[in-house]
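K.L.:
My questions all concern the structure below.
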Amino acid sequence: MGDYSKALEFYEKAHQIYEIALPPNHPSLAESQLNFAACYERMGDYTAALEALQRAFKIQQKTFEEGNPAFSFTYSRFGRVYRGISKNTAERHPDVGITYSNVGNVHRLMGNYEKALSFHRNALNIQENVQCSPLECATTYINLGETYRQMKDYSTALTYFEKGLKIREKKLLKNHPDLAVVYHDLAKLYLSTRQYNMAMKNVQQAVEIAQEKLLSTHPHQVDYRETFEKIRKK
């Protein structure tokens with residue numbers, strides 16, 4: 001365990017240099033996240049491993065064409081983490097809810113929306129029936145909202161976004177980056193439904209928080225600015 005903890009320290013130092021020196025979707029940043037995932041998996045922290053794999057996969061989606069060999073390695077890592085989850089986690093433990101929601105996000109990123117919904121619903125069922133942080137439920141609501149948004153079921157997506165936002169606004173500081181994530185999701189929804197004033201209002205909130213709290217090279221900063229420009233041109 002100690003060796004993996006030390007490895008994480010060195011990977012983190014390297015990653016910080018990459019974030020400053022490289023553009024946000026550079027393949028080396030994906031490789032860095034894969035290194036994190038491998039360490040977390042060996043340490044038994046499957047939630048953190050899945051989150052790192054999601055970040056790697058998002059970068060690869062923006063960098064590589066479909067069918068690039070880089071994806072096969074990431075898919076293989078996903079499989080290893082799933083096996084670890086199955087063997088080592090009690091079915092009703094609160095952490096399983098987080099893990100299911102992360103697995104749902106992976107399926108959403110891959111376009112497997114029905115599977116994504118199934119995992120998110122399983123997550124919510126656990127989170128609503130065992131003692132867990134309201135913020136964990138909020139994250140699952142938002143993940144469900146984003147899945148429905150990508151399925152173009154905008155009214156259902158809005159319902160879940162609003163549930164998640166209500167909890168986060170109650171529990172977090174007004175300039176917390178997790179609020180910016182929801183505002184950005186809402187902005188994309190309103191852009192899709194051609195409610196441009198609401199879209200602009202939400203994306204401005206996301207951009208303002210990101211400018212205050214995140215590095216200028218952070219992937220969220222880039223995403224928020226891209227969405228802002230899309231809305232501004234409408």
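The values are calculated or read from the model by the stated rules, or taken from the named source; none is laboratory data. Since the structure is predicted, the reported quantities are computational estimates derived from the model, not experimental observations. With ideal geometry, Cβ positions are generated from the backbone for all residues, glycine too; neighbour counts draw on all protein chains shown.
K.L.:
Hey, which of the helices (runs of 4 or more DSSP H) in segment 22-126, taking only ones fully inside, have at least 2 residues that are crowded, with 16+ Cβ neighbours inside 10 Å, among the polar types (S, T, N, Q) and over 16 Å from the mean Cα position of the chain (by Cα)?
P.N.:
Correct list: 27-43.
K.L.:
Now for a separate question. For Ile98, are the conditions met, namely being closer than 22 Å to Ala157 by Cβ, at pLDDT below 85 and touching a helix residue (DSSP H, G or I) at 6+ places or on another chain (Cβ under 6 Å)?
P.N.:
For Ile98, the condition - closer than 22 Å to Ala157 by Cβ, at pLDDT below 85 and touching a helix residue (DSSP H, G or I) at 6+ places or on another chain (Cβ under 6 Å) - is met.
K.L.:
Moving on to the next point. Considering only helices (runs of 4 or more DSSP H) fully contained in segment 154-234, which possess at least 2 residues that are surrounded by fewer than 21 Cβ atoms within 10 Å (Cβ to Cβ) and in contact with a Cys (Cβ under 9 Å, 6 or more places away or on another chain)?
P.N.:
In segment 154-234, the matching helices (runs of 4 or more DSSP H) lie at 154-171.
K.L.:
Another question about this same structure. Could you grab me the full set of residues in segment 140-171 that are among the hydroxyl-bearing types (Ser, Thr, Tyr) and farther than 16 Å from Ser192 by Cα?
P.N.:
Thr140, Tyr141, Tyr160
K.L.:
Condition first: touching a Ser or Thr at 6+ places or on another chain (Cβ under 8 Å) and either at pLDDT 90 or above or more than 24 Å from Gln221 (Cβ to Cβ) (or both). Now tell me which residues in segment 23-38 satisfy that.
P.N.:
Matches in segment 23-38: His26, Pro27, Ala30, Leu34.
K.L.:
A further question follows. Look through Tyr160, Tyr154, Tyr141, Tyr148 and report the one residue that is in contact with a Lys or Arg (Cβ under 7 Å, 6 or more places away or on another chain), of a type in the set (Phe, Trp, Tyr) and free of Cβ contacts under 8 Å to residues at least 40 places away in the same chain.
P.N.:
Answer to the check: Tyr141.
K.L.:
Which of the numbered conditions does Thr139 fail, given that it passes all the others? Conditions: (1) part of a helix (DSSP H, G or I); (2) surrounded by fewer than 19 Cβ atoms within 10 Å (Cβ to Cβ); (3) polar (S, T, N, Q).
P.N.:
Answer for Thr139: the failing condition is (2).
K.L.:
Follow-up. If Lys166 meets every condition in (1) within 18 Å of the chain's Cα centre (by Cα); (2) under 16 Å from Asn202 (Cα atoms) apart from one, which number is that one?
P.N.:
(1)
K.L.:
State whether the residues of segment 190-201 include one that is under 18 Å from Thr139 (Cβ atoms) and at pLDDT 95 or above.
P.N.:
no
K.L.:
Which condition from (1) of a type in the set (Val, Ile, Thr); (2) within 24 Å of Val106 (Cα to Cα); (3) not assigned by TED's automatic domain parsing to the domain that holds Ser118 is the one that Thr140 breaks?
P.N.:
For Thr140, the failing item is (3).
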